[in-house]
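The values are calculated or read from the model by the stated rules, or taken from the named source; none is laboratory data. Here the structure is a predicted model, which is why all the values come from computation and not from measurement. Glycine gets a Cβ as well: all are built from the backbone with ideal geometry, and neighbour counts include every protein chain shown. For the accessible areas, the whole protein counts, side chains as well, though only heavy atoms, and no ligand, DNA or RNA atoms are used. Shrake-Rupley method; radii C 1.70, N 1.55, O 1.52, S 1.80 Å.
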Number of protein chains: 2
Amino acid sequence: MRFRIDRQSDAPVQQQIADQVRAEVGAGRLRAGDRLPAIRDLARELGVHRDTVAAAYERLAADGVVESTVGRGTFIAAGVTPASPDRRELVLSPLVERVLAWERSLPRIADVSGAVPLHALVPEPGLYPVDAFRRALGKVLAEGGASLLGYGAPQGHPLLRKLLAERLGRSGIEATADELVLCHGASQGIALALRLFATQGDAVAVEDPTYHNVLATLHSLGLRPVTVPMGDGGADLDALERALAQPDVKAFYTIPTFHNPMGITTPLAHRRALLALAARAGKPVVEDAFQLDLGNGGKLAPPLAALDPHGLVVQLFSFSKTLFPGARVGSILARGRSVQALLALKRASDLADAMPLQAALAVLVESGAYDRHLAVLRRILARRRKALLEALDEEMPAGTRWTRPEGGYQVWVELPAALDSAELLPEAARRGVLYAPGQQFFCDGRRSNGLRLTVAMADEAAAARGAALLGRLVRERLAEEPRLADAASIHV
Amino acid sequence: MRFRIDRQSDAPVQQQIADQVRAEVGAGRLRAGDRLPAIRDLARELGVHRDTVAAAYERLAADGVVESTVGRGTFIAAGVTPASPDRRELVLSPLVERVLAWERSLPRIADVSGAVPLHALVPEPGLYPVDAFRRALGKVLAEGGASLLGYGAPQGHPLLRKLLAERLGRSGIEATADELVLCHGASQGIALALRLFATQGDAVAVEDPTYHNVLATLHSLGLRPVTVPMGDGGADLDALERALAQPDVKAFYTIPTFHNPMGITTPLAHRRALLALAARAGKPVVEDAFQLDLGNGGKLAPPLAALDPHGLVVQLFSFSKTLFPGARVGSILARGRSVQALLALKRASDLADAMPLQAALAVLVESGAYDRHLAVLRRILARRRKALLEALDEEMPAGTRWTRPEGGYQVWVELPAALDSAELLPEAARRGVLYAPGQQFFCDGRRSNGLRLTVAMADEAAAARGAALLGRLVRERLAEEPRLADAASIHV
């Protein structure tokens with residue numbers, strides 16, 4: 001399309017640009033997935049400032065007409081169709097509007113072809129035991145047949161629950177199959193666990209930074225996050241105590257093992273202190289143990305659920321990071337009435353899960369294939385983490401800090417304090433390295449010098465190359481603007 | 001276990017019974033799934049009234065300790081474990097308590113061995129194309145491999161969306177693949193569609209009676225149902241107009257085709273009038289088209305989504321009743337910004353669905369296997385409905401009315417007015433026929449002379465046998481208590 005700016009018009013230029021996109025969409029000439037000109041190109045073509053074009057695109061994004069992706073560009077959004085003249089715009093729930101606004105505030109990161117994907121927290125597809133899973137699916141359907149294709153039990157496949165309860169036992173958690181509720185990925189588990197205790201207008205204590213999709217879930221449920229700052233040793237316990245003392249705070253969501261995004265694992269003393277606080281406040285703790293199976297060696301502190309005589313911990317587990325996400329199977333460990341309550345919420349949400357997938361996972365677990373896969377995956381991840389950490393040692397300028405996780409995928413890097421990792425990201429993407437900017441993990445979406453790197457999709461060479469590209473960029477940026485280095489050296 | 005009643009004790013007998021069950025559970029001698037004595041047996045043994053035992057069991061059910069199932073008995077509930085002395089009872093969200101209370105109010109219907117299952121709304125497992133599905137799964141995993149096992153797109157598998165959009169086109173609905181969001185069964189679709197427009201404290205207009213799990217979903221979301229009475233020709237439009245005029249009513253949930261539980265399909269004029277009301281009120285309509293594919297012949301009025309120039313209709317579809325429920329695949333048709341909003345809610349709820357299942361369904365649809373299955377299923381259901389309706393003609397006493405659906409599974413029967421179908425159910429189960437009592441489909445859970453019969457799991461002979469058993473029971477009950485017949489004859 002060709003844009004035309006009418007300098008005589010009363011309408012601001014950014015509105016003229018937005019209106020022309022809308023008109024093209026309305027006429028069906030721009031359709032979902034079509035790409036808009038790059039901001040810099042259009043600004044040059046029209047002879048206007050880049051901010052003007054950016055503002056027009058942001059307005060269109062706010063209205064759901066376009067979507068932007070770092071390093072890839074701006075596209076007409078899915079679901080956008082030529083508006084019939086009779087079409088009415090429906091009033092959406094304020095919670096939905098809040099989630100949409102929050103989503104728009106996130107930097108969108110594309111898989112820029114060839115860039116090192118240090119942003120991804122998805123296990124590498126090349127490692128998935130696809131054939132074993134396909135055979136397991138074939139086997140359970142050949143044997144179970146139609147009995148697996150009815151409505152499954154809301155609690156999930158009995159054999160998989162039994163096997164998972166046994167596995168929890170090895171982590172020191174006393175649990176029966178009756179105390180496990182399987183769910184549609186740990187993501188659903190998070191939503192169900194929060195809804196168990198909190199309802200619209202309530203608050204939930206969360207670590208800051210935390211897994212960003214939890215923030216989407218909180219917004220979608222009308223729950224207010226109360227932040228508990230993360231230090232090097234885990235959540236600040238004084239802040240946690242203050243948070244739990246608030247009557248409207250109904251639960252604490254925490255990732256004590258291989259924290260996302262920070263990668264750290266809290267020590268035993270921290271865990272005991274945390275549980276003592278929760279017990280004193282009488283508040284439940286939602287322990288997201290999504291990477292529990294990804295430790296190397298036996299040095300890790302026991303999960304919170306193993307240290308909890310009061311039944312305060314609701315623990316989430318997932319196969320998404322240890323096997324693959326596409327089976328959409330997670331589990332929730334709960335005690336007493338919470339089990340009944342989870343089943344009621346599950347029935348009210350989607351009745352039950354697909355039993356063939358759970359039955360096939362049970363085959364992989366029972367046969368030992370899952371454990372063999374874990375052993376390989378842990379070794380690979382340990383080598384990759386080592387390569388990444390060594391490259392960071394080598395490449396990152398003074399004033400940069402990062403965590404040294406003992407397992408899992410992610411490493412948290414704090415750049416010299418005056419750098420904004422979100423602001424740096426487009427340039428990093430152009431140079432060939434992607435990361436997850438810290439901003440998306442903070443409850444208030446604030447500017448952050450932190451960023452998350454992962455070794456999920458990057459082997460040792462790629463991880464080293466990515467760290468080198470990042471290190472060079474940061475060093476150049478600091479050299480360009482000595483002011484930044486000064487600020488950094490003051491801060492660190 | 002042996003119960004002991006202490007007649008000298010101050011504690012009421014029902015509390016003594018409940019306390020002894022709790023003590024056995026606490027000591028680990030009664031465990032999840034263990035059966036309590038039948039109410040009549042225990043009452044006889046203890047020499048107390050049945051109501052006393054029933055009250056004790058109800059109290060235990062209210063506390064989540066036991067679960068009762070009509071025709072099967074009372075069992076220690078799943079998740080109930082020996083209470084550690086340190087165990088704290090967590091405070092659950094009031095919405096969860098509401099869902100639990102609502103669930104307890106439902107009659108639970110067991111598959112009494114040998115009884116004719118006229119209560120079931122689950123397609124008969126013997127009809128599932130298991131082998132075709134197994135082959136399709138094997139094929140998509142062999143071809144797609146790991147690419148199907150990552151996080152799928154929240155919108156769902158592109159080919160299945162394209163095929164479903166084409167199928168909607170055949171029903172007269174203009175829709176693109178971009179306007180479809182796949183979901184984890186239409187049950188999830190209901191929850192997502194309601195959340196799109198309504199938030200805790202809001203209200204949603206629903207037909208009365210309606211699909212009972214919608215009521216669970218409403219309770220779980222803190223949404224108030226505003227009832228629109230069902231007549232023989234569909235929802236009462238005057239009542240609907242009044243409901244939609246209420247500012248806090250944010251949407252209308254309706255099942256215009258093969259209504260659940262009534263089986264009726266509204267005529268074109270009713271549909272147009274309904275949409276005109278919605279347009280005047282500017283309120284969205286959630287059209288549950290879960291049995292849209294189960295009509296015989298071309299006489300059905302077009303779906304609401306085909307008659308909707310304003311984009312007010314959000315339409316739900318499901319494979320659960322046309323193929324099998326175990327794939328957990330449904331779809332939501334929405335327009336404009338609602339598509340973006342549904343994707344945001346989906347991400348915040350469970351990120352995405354399992355792509356292998358959707359891809360396998362796409363194979364069944366694209367190859368024609370789904371349409372061939374539908375053709376067979378429709379013929380079978382038509383024969384079964386005919387057999388059931390003929391048997392009702394023959395067996396039911398005067399004063400009984402029922403619907404004559406042109407497709408789908410369910411028939412709604414209204415017994416002579418003074419009979420309570422829930423009260424009658426245990427005796428019907430003992431005699432060998434099960435049905436879904438009307439009470440569970442009414443928003444206020446009121447006593448009802450209505451009941452739902454289905455031909456999902458009963459072939460022609462079984463349907464006829466079930467109707468005969470039911471007819472005999474109703475005739476006997478009326479003969480026993482002539483008062484009831486009088487009341488009935490006044491009402492009908």
Pick from the stretch B:116-145, criterion more than 7 Å from chain A (Cβ to nearest Cβ) and charged (D, E, K, R), ranking: most open to solvent (accessible area, probe 1.4 Å):
B:Arg135
Report yes if A:Val376 is hydrophobic (A, V, I, L, M, F, W, C), open to solvent by 30 Å² or more (accessible area, probe 1.4 Å) and touching a residue at least 60 places away in the same chain (Cβ under 8 Å), otherwise no.
yes
For the stretch A:146-169, name all the residues that are open to solvent by 10 Å² or more (accessible area, probe 1.4 Å), more than 23 Å from A:Ala306 (Cα to Cα) and within 7 Å of chain B (Cβ to nearest Cβ).
A:Ala146, A:Ser147, A:Leu148, A:Gly150, A:Tyr151, A:Gly152
Of the residues that sit in the stretch A:344-363 and are within 7 Å of chain B (Cβ to nearest Cβ) and over 15 Å from A:Ala191 (Cβ atoms), which one is most open to solvent (accessible area, probe 1.4 Å)?
A:Leu351
Qualifying helices (runs of 4 or more DSSP H) (wholly inside the stretch B:1-86; at least 1 residues being at pLDDT below 80 and farther than 30 Å from B:Ser421 by Cβ)
B:13-26
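From A:Ala369, A:Ala387, grab the single residue that is open to solvent by less than 50 Å² (accessible area, probe 1.4 Å), in contact (Cβ under 8 Å) with a residue 60 or more places away in the chain and touching a Pro at 6+ places or on another chain (Cβ under 7 Å). Outline the logic, then answer.
Details: A:Ala387 fails: touching a Pro at 6+ places or on another chain (Cβ under 7 Å).
One residue alone meets the criteria, A:Ala369.
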From the options B:Val53, B:Val70, B:Val80, residue that is of a type in the set (A, V, I, L, M), away from chain A (no Cβ under 11 Å), open to solvent by 20 Å² or more (accessible area, probe 1.4 Å) and in contact (Cβ under 8 Å) with a residue 12 or more places away in the chain
B:Val70
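Would you confirm, using the coordinates I've provided, whether B:His212 is open to solvent by 10 Å² or more (accessible area, probe 1.4 Å), closer than 15 Å to A:Leu345 by Cα and in contact (Cβ under 8 Å) with a residue 60 or more places away in the chain?
Details: open to solvent by 10 Å² or more (accessible area, probe 1.4 Å): yes; closer than 15 Å to A:Leu345 by Cα: yes; in contact (Cβ under 8 Å) with a residue 60 or more places away in the chain: yes.
For B:His212, the condition - open to solvent by 10 Å² or more (accessible area, probe 1.4 Å), closer than 15 Å to A:Leu345 by Cα and in contact (Cβ under 8 Å) with a residue 60 or more places away in the chain - is met.
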Starting from the stretch A:90-115, take each residue that is more than 12 Å from chain B (Cβ to nearest Cβ) and list its partners that are part of a loop (DSSP other than H, G, I, E, B) and open to solvent by 40 Å² or more (accessible area, probe 1.4 Å), counting only C-beta distances under 6 angstrom and pairs at least six apart or across chains.
A:Ala110/A:Gly71; A:Ala110/A:Arg72; A:Val112/A:Gly71
Restricting the first residue to the stretch B:29-42 and requiring it to be away from chain A (no Cβ under 14 Å), which pairs with a second residue that is in a loop (DSSP other than H, G, I, E, B) and open to solvent by 40 Å² or more (accessible area, probe 1.4 Å) meet a Cβ separation below 9 Å and a spacing of at least six or different chains?
B:Arg29/B:Met1; B:Arg29/B:Pro82; B:Arg35/B:Arg72; B:Leu36/B:Met1; B:Pro37/B:Met1
Identify the single condition in (1) more than 14 Å from chain B (Cβ to nearest Cβ); (2) crowded, with 16+ Cβ neighbours inside 10 Å that A:Glu45 does not satisfy, given that it satisfies every other one.
(2)
Of the residues B:Leu389, B:Leu424, which is farther than 26 Å from B:Phe324 by Cα and in a helix (DSSP H, G or I)?
B:Leu424
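Being more than 23 Å from B:Gly64 (Cα to Cα) and either touching a strand residue (DSSP E or B) at 6+ places or on another chain (Cβ under 9 Å) or open to solvent by less than 10 Å² (accessible area, probe 1.4 Å) (or both) is the filter here; which residues of the stretch A:189-206 pass it? Before the answer, list the steps.
So the first thing to find is which residues in the stretch A:189-206 are more than 23 Å from B:Gly64 (Cα to Cα), and the list is A:200-206.
If the condition is that a residue be more than 23 Å from B:Gly64 (Cα to Cα) and either touching a strand residue (DSSP E or B) at 6+ places or on another chain (Cβ under 9 Å) or open to solvent by less than 10 Å² (accessible area, probe 1.4 Å) (or both), then A:Gly201, A:Asp202, A:Ala203, A:Val204, A:Ala205, A:Val206 are the ones that fit.
Does the stretch B:324-343 hold any residues that are aliphatic (A, V, I, L, M), within 30 Å of A:Leu60 (Cβ to Cβ) and more than 8 Å from chain A (Cβ to nearest Cβ), and which are they? Talk me through it step by step, then tell me what you get.
Let us first name the residues in the stretch B:324-343 that are aliphatic (A, V, I, L, M), namely B:327, B:329, B:332-334, B:339, B:341-343.
So of that shortlist, the ones also within 30 Å of A:Leu60 (Cβ to Cβ) come out as B:332-334, B:339, B:341-343.
Of everything in the stretch B:324-343, those that are aliphatic (A, V, I, L, M), within 30 Å of A:Leu60 (Cβ to Cβ) and more than 8 Å from chain A (Cβ to nearest Cβ) turn out to be B:Ile332, B:Leu333, B:Leu342.
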Does any residue in the stretch B:422-446 that is farther than 16 Å from B:Gly73 by Cα come within less than 6 Å, Cβ to Cβ, of a residue that is of a type in the set (Gly, Ala, Ser) and assigned to a strand (DSSP E or B) six or more places away or on a different chain, and which pairs are these?
B:Gly438/B:Gly450
Any hit, the stretch B:224-243, residues being at the interface with another protein chain (Cβ under 9 Å from one of its Cβ atoms) and surrounded by fewer than 23 Cβ atoms within 10 Å (Cβ to Cβ):
no
Go through the residues of the stretch B:407-416 one by one and say whether even a single one is in a loop (DSSP other than H, G, I, E, B), under 23 Å from the mean Cα position of the chain (by Cα) and more than 30 Å from B:Tyr253 (Cα to Cα).
no
